Amino acid sequence: MRGYECFKYRRKITELSVGVDKETDAMFEKQADKYEEIFNLLCDMDTQGGGPANITNVTVFGLVDHYREGDTTNSRLFDRSYMPKPAFGKIVEVLESKCASR
């Protein structure tokens with residue numbers, strides 16, 4: 001995103017997804033840590049955080065893991081029972097603590 005700040009473009013992040021190799025509690029914690037890292041970076045890069053990028057939207061790729069038969073995707077923020085995964089909580093924490101206060 002650096003290098004384009006002189007154009008004052010609005011940036012929209014789309015299809016964000018972080019998958020895991022195995023569906024274990026430990027791997028879902030690693031997934032949560034990665035989502036936290038990404039959202040911290042996006043908050044820092046946003047112009048409201050003093051960064052060069054006017055980020056107006058972040059869209060994740062889907063919401064529920066295994067939402068249809070044969071779907072092996074586990075990168076989403078809710079599990080197959082529609083319960084929030086640790087990643088959801090981490091994203092909310094970052095947005096509430098870092099971005100919402102700006």
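The values are calculated or read from the model by the stated rules, or taken from the named source; none is laboratory data. Because the structure is a prediction, the values reported are computed rather than measured. Using ideal geometry, Cβ is built from the backbone for each residue, glycine included, and neighbour counts are taken over all protein chains shown.
All of (1) under 18 Å from Leu16 (Cα atoms); (2) surrounded by 13 or more Cβ atoms within 10 Å (Cβ to Cβ); (3) β-branched (Val, Ile, Thr) hold for Thr47 with one exception: (1).
Check region 65-72 and report whether any residue there is at pLDDT 90 or above and not in a loop (DSSP other than H, G, I, E, B). No, because not a single residue in region 65-72 is at pLDDT 90 or above and not in a loop (DSSP other than H, G, I, E, B). Restricting attention to region 62-88, the residues that are loosely packed, with under 14 Cβ neighbours inside 10 Å and closer than 13 Å to Gly19 by Cβ total 2. Taking every residue in region 72-86 that is touching a residue at least 12 places away in the same chain (Cβ under 8 Å) and pairing it with any residue that is part of a loop (DSSP other than H, G, I, E, B) and of a type in the set (Lys, Arg), at least 6 positions away or on another chain, the pairs with Cβ-Cβ distances below 7 Å are Leu77/Lys85; Phe78/Lys85; Asp79/Lys85.
For Phe61, the stated conditions hold: it is touching a Leu at 6+ places or on another chain (Cβ under 8 Å) and at pLDDT below 95. Exactly one residue among Gly49, Gly62 is touching a residue at least 40 places away in the same chain (Cβ under 8 Å) and over 14 Å from the mean Cα position of the chain (by Cα), and that residue is Gly49. Of the residues making up region 51-64, just one is in a strand (DSSP E or B) and over 21 Å from Cys99 (Cβ atoms), namely Val64.
Within region 11-45, restricting attention to residues that are touching a Gly at 6+ places or on another chain (Cβ under 8 Å) and among the hydrophobic types (A, V, I, L, M, F, W, C), the residue that is farthest from Asn74 (Cα to Cα) is Met45. For region 8-20, the criterion of being in contact (Cβ under 8 Å) with a residue 40 or more places away in the chain, crowded, with 17+ Cβ neighbours inside 10 Å, touching a Cys at 6+ places or on another chain (Cβ under 8 Å) and not aromatic (Phe, Trp, Tyr) is satisfied by no residue at all.
Considering only region 65-88, state which residues are closer than 30 Å to Asp46 by Cα and over 11 Å from the mean Cα position of the chain (by Cα). Across region 65-88, the qualifying residues are Asp65, Thr73, Asn74, Phe78, Asp79, Met83, Pro84, Lys85, Pro86. Of all the criteria given as (1) surrounded by 15 or more Cβ atoms within 10 Å (Cβ to Cβ); (2) at pLDDT below 95, the one not satisfied by Ile91 is (2).
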